[in-house]
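The next block holds one structure in the form of structure tokens; read it before the comments.
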Amino acid sequence: MTPSSSERPASARPVSDNATPPTPALLTAPGLWRRMACWLYEGMLLFAVVFVAGWLFSTLGQMRDAMDSRRHLLQAFLFVVFGVYFGWFWSKGQTLAMKTWGIRVVDRLGRPLTQGRALARYLLSWVWFLPPLAAISPFKLSGGESTVLIVGWVIVWALLARFHPERQFWHDAWAGTRLIASKPLSRR
């Protein structure tokens, strides 16, 4: 004989459509080391994106060298290309690096990202690099000093996720997104 719904413990009762379900364990953030490994792998994959986009821009623009006066246009073009790349893949749930490391990006409620939210996440993710680049720009620092400053900031920014209540990166919290552990979406 099964107990009626009033006799079942609260945890065993089905959640009604009007109630807000508790945050499931499926929406927990992957470990920091895993997320940073994915971040580094994404950076390596972006070399191919930069190569193709830079080649296309320089070929069509007939740029002869890296110190061409149009290099700022190239940088703006790459900014847009990265935005399209990340916006498209994040709205699908995963980039190739995220598939490899079993990470998916979703909104706060676990739903797929809209194009607008993916764009907001892209713009806010520049906090990984803009503060050290702004600090470097007024000074004539060597390549080694600049690298130490940038890597130091990346480490600090990554460790600040430990202070978020759900261990998410702060730019994700600001964008209304979260990283979760997930199998590759294309294998389902």
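The values are calculated or read from the model by the stated rules, or taken from the named source; none is laboratory data. Keep in mind that this is a model prediction, so the values were computed, not measured. So basically every Cβ, Gly included, is an ideal-geometry build from the backbone, and we count neighbours across all protein chains shown. Surface areas here come from the heavy atoms of the whole protein model, side chains and all, with no ligands, DNA or RNA. Shrake-Rupley method; radii C 1.70, N 1.55, O 1.52, S 1.80 Å.
So here's what we get for this one:
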read-out: Number of the exception - W90 against (1) in a helix (DSSP H, G or I); (2) surrounded by fewer than 17 Cβ atoms within 10 Å (Cβ to Cβ); (3) not small (G, A, S); value: (2)
read-out: Any hit, region 97-110, residues being part of a helix (DSSP H, G or I) and open to solvent by less than 50 Å² (accessible area, probe 1.4 Å); value: yes
read-out: Meets criteria (in contact with a helix residue (DSSP H, G or I) (Cβ under 8 Å, 6 or more places away or on another chain) and modelled with pLDDT of 90 or more) for A53; value: yes
read-out: Residue tally, condition in a helix (DSSP H, G or I), in contact with a helix residue (DSSP H, G or I) (Cβ under 9 Å, 6 or more places away or on another chain) and open to solvent by less than 80 Å² (accessible area, probe 1.4 Å), over region 57-78; value: 5
read-out: So R121, is it under 26 Å from L32 (Cα atoms), among the charged types (D, E, K, R), open to solvent by 20 Å² or more (accessible area, probe 1.4 Å) and not in a strand (DSSP E or B); value: no
read-out: Count of region 147-172 residues which are open to solvent by less than 20 Å² (accessible area, probe 1.4 Å), assigned to a helix (DSSP H, G or I) and either of a type in the set (S, T, N, Q) or out of contact with any Pro (no Cβ under 9 Å at 6 or more places or on another chain) (or both); value: 4
read-out: Inter-residue pairs, beta-carbon under 8 Å, first within 16 Å of I180 (Cα to Cα) and in contact (Cβ under 8 Å) with a residue 24 or more places away in the chain and in region 35-50, second surrounded by 13 or more Cβ atoms within 10 Å (Cβ to Cβ) and among the polar types (S, T, N, Q), 6+ apart; value: C38/T100
read-out: Within region 160-176, tally of residues that are of a type in the set (A, V, I, L, M) and in contact (Cβ under 8 Å) with a residue 60 or more places away in the chain; value: 1
read-out: Qualifying residue in region 69-80 (condition: within 19 Å of R178 (Cβ to Cβ) and either within 14 Å of the chain's Cα centre (by Cα) or not aromatic (F, W, Y) (or both)); value: no
